[in-house]
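Worksheet: one structure, shown below.
The values are calculated or read from the model by the stated rules, or taken from the named source; none is laboratory data. Keep in mind that this is a model prediction, so the values were computed, not measured. Glycine also receives a Cβ, built like all others from the backbone with ideal geometry; neighbour counts cover every protein chain displayed. Areas reflect the complete protein model, heavy atoms only, side chains present, ligands, DNA and RNA absent. Shrake-Rupley method; radii C 1.70, N 1.55, O 1.52, S 1.80 Å.
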Amino acid sequence: MNPFFNISKFSGWFYALNRVRVHPILSQRTRYLCQISENNLETHPWKSKEGLTRCSANYFPLTPISFLDRAAKVFRDRTSVVYGSSVKYTWEQTHNRCLKLASALSKLGISRGDIVATLAPNVPAVQELHFAVPMAGAVLCTLNTRHDSAMVSVLLRHSEAKLIFVDQQLFGVAQGALDLLIDVKTKPLLVLIPDPENLPPPVATANVHEYETLLASGRSDFAIKWPLTEFDPISVNYTSGTTSQPKGVVYNHRGAYLNSIATSFIHEMGSMPTYLWTVPMFHCNGWCLNWGVAALGGTNVCLRRVSPKDIFENISLHNVTHMSGAPTVLNMIVNSPKSDRKPLPHKVEITTGGSPPPPHIISKMEELGFSVSHIYGLTEIHGPCTSCLRKPEWESLPPDERFALKARQGVEHFFTQEIDIRDPDTMEKVPDDGKTPGEIMIRGNCVMSGYLKNVKATEEAFRGGWFHSGDLAVRHSDGYIEVKDRMKDIIISGGENICSVEVEGVLLSHPAVLEAAVVARPDDHWGQTPCAFVKLKEGFSVGSEEIINFCRDHLPHYMAPRTVIFEDLPITSTGKIQKFILREKAKSLGSLCSIKQSSPSLYASAEG
C-alpha cells in the first residue's frame, strides 16, 4: 500500500471526541464528555436472561449506505438520478456505479478512516460519492462551492483529505488551493468531474484523474467495507461560517441513518418521491437526503444552479413532488417574473429552514401552488431536528394567524431524544409561555460526534449534557418552539432586548423590500441601536425615512431601525446572511448619537 494512504489519524481524533471506547489501543487518548463513562454508556441486563444473545443474525450497525443495497433490489428499474438531458440512471445502475467507484478508491489506496473531499455543485457525482466513499470505509467531506482557494486550502489542511473530487467549473479554485499547500508533504490527489451539459473539461494531466475513467477502473463485485460500529465517522461537514471560522462537524453512521429517515418523514415523502435538489448537497449532506431519497426509492433531480426558471421547468418536466430551500429560495420564487413561471402539475411540497421564513412569504408560496413546511436544525444535528407539524384545526383560522403558526420551528422529530428551551447560565427550563426566551438545547442520536480536532469546542458545545445551539427561542403553550434570534444577534438598546428576526420580518413585509438583515450599531447613549441592511426589489425606490416610519407603524418605536443602509447582502450558498460581516460594517459607522449624518440618501436616524 502507498504509505501516503496509511490508516488515517482521523480515527484517533474521532475517538478522542467520541464517547464510546471501541478499542484498548485508544484507551489512553479517549476523552469522555458530558459525564458519560464506559460503565453507564452501555449496560447489558439482558445478558442475565438465558437464551438471549447479540449476534450477526439480530444486530448490524446502522448505516445509510444500506439504503442503496435495498434500493438496487426493490427499486432496481426505477429512475434514481436525472441531470439535464445527458444523465439518467436506475437504482440498479447507481448501485453498480457506486460499487465500482468504491473499488477504484480502494485501488488508489484510500482506506478506513481516510478523508475524501468534494468541491462540486448538485451533480450526480456528488450523490454517488455519498455512498461510494463510505462503502470504501472512508469519510466524506463535502466543501462549500463558494469557498475561494485560500479557504479550500485551509479546510484541506485541517481535514488532511487524501483526495478531492472537483467539478470542472471549480477546477481553478481547487488547483489554487493545492498550490497553497506548499508545506504539505503529500498533497491530495485531484479527480476532475466533467460536466456533460457544458463545455469540455480542462485537459487531464498526469496528476489529475478523470471521474468516469476512474470509476470504470473499479470492480462491481467490490466487497463493501461496512462500519465496524455505528459510531464510526461517515462525514465531516464544515459549518457555513456565518459567524466565525468554520468548524469540522463529524457525523457518524448511526446519526446519518436515523436522520435520513426522520428528514424524509418531516418532508412528508412517501414511497418513490421525485426530489428537486435546490438545497446544496454539501450542506449537512443535503439535510441527509442524499441517503434518504435512496431509502424511499425516489428520483434525484440534480440542479447545478438554482433559479426560478430552472425550478419551474424541472418541476414541469420531471413531475417533481418535493423540494427544499432556505427562505431566500422561497423569496426568489415569489418575486420571480411571470415569464419564468409555469403552472404546477400538482401541489409541490417544499420544506424550508435555515432562518425563520416571514409569514407573508409562506402565504405567497401557497398561492403559487406550493405546500410549505418549516423545519429547524443545525449542521451539528445532522441537519433538521424539528418540524412545524401542521394541525388540521389551523386551516379554519384567519390567514394571518394560520401563517404565523406555520412560521414557527415546531416540535422535535421522533429520532431527536429531547429539545428544550433553557437558561444557558442556570440550565433551568424556561416557562412555556411564548414570551420567556432561552437557548435551544438538544440531545439525542442525531447530535454530532464532535468537532474535528477541537476538543475544547466540543466540550463547550456539550456542556451540561446538552448540545448548546446558540439560538434563542420561546416555547408556546402548545409545545411548539419559535426561534427569536441567535444569542449573539440580540440587540440591547436602552436595557431593552430587541430580536433582530422580529424586525426583519416587518422589513420583509414592506412591498419594496427583497432582502433585509438587522444588526446592532454601537451607540453612546442607548448602548446599541438597530441598523438595517436592505436590498430593494428591482424597479423600486424608497428612502430611509419611509423604511423607518414603516417599521414604527408595525413595531414599538425602540425596535425600529435608526439606521438603514441599502446594498446587496452577503449570503452564503446555503442561503444564510453573513451577519458577522454586517456587524463589522455597523460597528465601523460609530455611534449614531455622536456623529452627524452626511448622506441622507443612505443613512437616516429617528429618535424616540
When residues of region 395-420 are filtered for being over 23 Å from TRP287 (Cα atoms) and within 28 Å of the chain's Cα centre (by Cα), how many remain? 4
Filtering region 64-85 down to residues that are more than 27 Å from the chain's Cα centre (by Cα), at pLDDT 95 or above and open to solvent by 80 Å² or more (accessible area, probe 1.4 Å) yields LYS73, VAL74, ARG76, ASP77, ARG78
Is it the case that some residue within region 538-554 is open to solvent by 30 Å² or more (accessible area, probe 1.4 Å) and on the phi > 0 side of the Ramachandran plot? yes
In this structure, is LEU214 under 30 Å from ASN319 (Cβ atoms) and either in contact with a His (Cβ under 6 Å, 6 or more places away or on another chain) or at pLDDT 95 or above (or both)? no
Any hit, region 230-252, residues being open to solvent by 10 Å² or more (accessible area, probe 1.4 Å), of a type in the set (A, V, I, L, M, F, W, C), touching a residue at least 12 places away in the same chain (Cβ under 8 Å) and within 23 Å of SER159 (Cβ to Cβ): yes
Looking at GLU366, GLU380 in this structure, which one is in a helix (DSSP H, G or I), acidic (Asp, Glu), out of contact with any Leu (no Cβ under 6 Å at 6 or more places or on another chain) and buried (at least 19 other Cβ atoms within 10 Å of the Cβ)? GLU380
Qualifying residue in region 540-556 (condition: within 18 Å of TYR376 (Cα to Cα), touching a Pro at 6+ places or on another chain (Cβ under 9 Å) and acidic (Asp, Glu)): no
Going through region 260-282 in order, the residues found to be of a type in the set (A, V, I, L, M) and open to solvent by less than 20 Å² (accessible area, probe 1.4 Å) are ALA262, ILE266, LEU276, VAL279, MET281
With LEU397, LEU389, LEU405 as the choices, which residue is open to solvent by 30 Å² or more (accessible area, probe 1.4 Å) and touching a Gly at 6+ places or on another chain (Cβ under 9 Å)? LEU389
In region 86-111, residue farthest from LEU192 (Cα to Cα) [restricted to those that are charged (D, E, K, R) and either modelled with pLDDT under 95 or more than 28 Å from the chain's Cα centre (by Cα) (or both)]: GLU92
Test ASN335 against the stated conditions and say whether it is open to solvent by 20 Å² or more (accessible area, probe 1.4 Å), among the polar types (S, T, N, Q) and in contact (Cβ under 8 Å) with a residue 60 or more places away in the chain. yes
Find all pairs meeting these conditions: Cβ atoms under 8 angstrom apart; at least six residues apart or on different chains; first residue within region 425-448 and under 30 Å from ASN285 (Cβ atoms) and charged (D, E, K, R); second residue part of a loop (DSSP other than H, G, I, E, B) and open to solvent by 40 Å² or more (accessible area, probe 1.4 Å). GLU439/ASP423; ARG443/GLN417
Scanning region 86-144 residue by residue, the ones that are more than 25 Å from THR274 (Cβ to Cβ) and either open to solvent by 20 Å² or more (accessible area, probe 1.4 Å) or of a type in the set (S, T, N, Q) (or both) total 8
Odd one out for MET441, checked against (1) within 23 Å of the chain's Cα centre (by Cα); (2) open to solvent by 10 Å² or more (accessible area, probe 1.4 Å); (3) within 24 Å of CYS499 (Cβ to Cβ): (2)
Using beta carbons and a limit of 6 Å, which pairs, at least six apart or on different chains, have the first residue in region 63-92 and in the same structural domain as TYR257 (by the TED database) and the second one surrounded by 16 or more Cβ atoms within 10 Å (Cβ to Cβ) and of a type in the set (Val, Ile, Thr)? ASP77/THR90; THR79/THR299; SER80/THR90; SER80/THR94; VAL82/VAL301; LYS88/VAL82; TYR89/VAL81
Please verify whether region 573-583 includes one or more residues that are over 30 Å from ASN122 (Cβ atoms), assigned to a loop (DSSP other than H, G, I, E, B), modelled with pLDDT under 80 and open to solvent by 30 Å² or more (accessible area, probe 1.4 Å). no
Restricting to region 150-160, give me the number of residues that are open to solvent by less than 30 Å² (accessible area, probe 1.4 Å), among the small types (Gly, Ala, Ser) and farther than 11 Å from ILE115 by Cα. 1
Any residue in region 465-488 that is without any contact (Cβ under 8 Å) to a residue 40 or more places away in the chain and open to solvent by 20 Å² or more (accessible area, probe 1.4 Å) sitting within a Cβ distance under 7 Å of a residue that is part of a loop (DSSP other than H, G, I, E, B) and not acidic (Asp, Glu)? List the pairs, counting only those 6 or more apart or interchain. LEU472/PRO437; LEU472/ILE490
Considering only residues that are surrounded by fewer than 21 Cβ atoms within 10 Å (Cβ to Cβ) and within 30 Å of THR458 (Cβ to Cβ), which ones fall in region 339-363? SER355
Across region 399-424, the tally of residues that are assigned to a strand (DSSP E or B) and without any contact (Cβ under 8 Å) to a residue 40 or more places away in the chain stands at 2
